[in-house]
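*Asks:* Have a look at the structure that comes next, please.
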Amino acid sequence: MMIDAQSLSGLISSTESVYQSHIKATNGFSVGDTKSTFTGVFQNALNTLQKLDDDASEKVTGLLSGEGTDIHTAMIATQKASLAFETALAVRNKAVGAYQQIMGMQF
């Protein structure tokens, strides 16, 4: 249940450069803080997703090994990780769609 962070980061970077080029071409200036904010939000989301996945794996391992983790805690952790993964996948799909739409624009 892992998202390839490197390919998502590459998609974000290429989308940012197309966006910056479009802004510069249409307005004659570039937006300074867009890159750090845009990238920072997605990196933070990926880090949170990774932490939730690690926590779910730890809870399930604790449940299976009999280390005192109850089934409710393990199920809640796996559901949180699953929901975070589905959300990240939906965001990725939207980002890919936006990238394809931007690439299809004629300047």
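*Asks:* Going through ALA88, ALA81, ALA25, ALA77 one at a time, which residue ends up being of a type in the set (A, V, I, L, M, F, W, C), more than 22 Å from the chain's Cα centre (by Cα) and either assigned to a helix (DSSP H, G or I) or modelled with pLDDT of 60 or more (or both)? Explain how you work it out, then say what you get.
*Replies:* Working: ALA88 fails: more than 22 Å from the chain's Cα centre (by Cα); ALA81 fails: more than 22 Å from the chain's Cα centre (by Cα); ALA77 fails: more than 22 Å from the chain's Cα centre (by Cα).
Step by step, each of ALA88, ALA81, ALA25, ALA77 is checked, and only ALA25 is of a type in the set (A, V, I, L, M, F, W, C), more than 22 Å from the chain's Cα centre (by Cα) and either assigned to a helix (DSSP H, G or I) or modelled with pLDDT of 60 or more (or both).
*Asks:* Regarding THR61, is this residue out of contact with any strand residue (DSSP E or B) (no Cβ under 6 Å at 6 or more places or on another chain), among the polar types (S, T, N, Q) and at pLDDT 85 or above?
*Replies:* Working: out of contact with any strand residue (DSSP E or B) (no Cβ under 6 Å at 6 or more places or on another chain): yes; among the polar types (S, T, N, Q): yes; at pLDDT 85 or above: yes.
Spelling it out, THR61 is indeed out of contact with any strand residue (DSSP E or B) (no Cβ under 6 Å at 6 or more places or on another chain), among the polar types (S, T, N, Q) and at pLDDT 85 or above.
*Asks:* Shifting gears a bit: Could you check GLU67 against (1) part of a helix (DSSP H, G or I); (2) free of Cβ contacts under 8 Å to residues at least 24 places away in the same chain; (3) surrounded by fewer than 14 Cβ atoms within 10 Å (Cβ to Cβ) and say which number it fails?
*Replies:* Every condition holds for GLU67 apart from (1).
The values are calculated or read from the model by the stated rules, or taken from the named source; none is laboratory data. Predicted model, so just to flag it, every value in this text is computed and none were measured. As a convention, Cβ positions derive from the backbone with ideal geometry for all residues, glycine included, and neighbour counts pool all protein chains shown.
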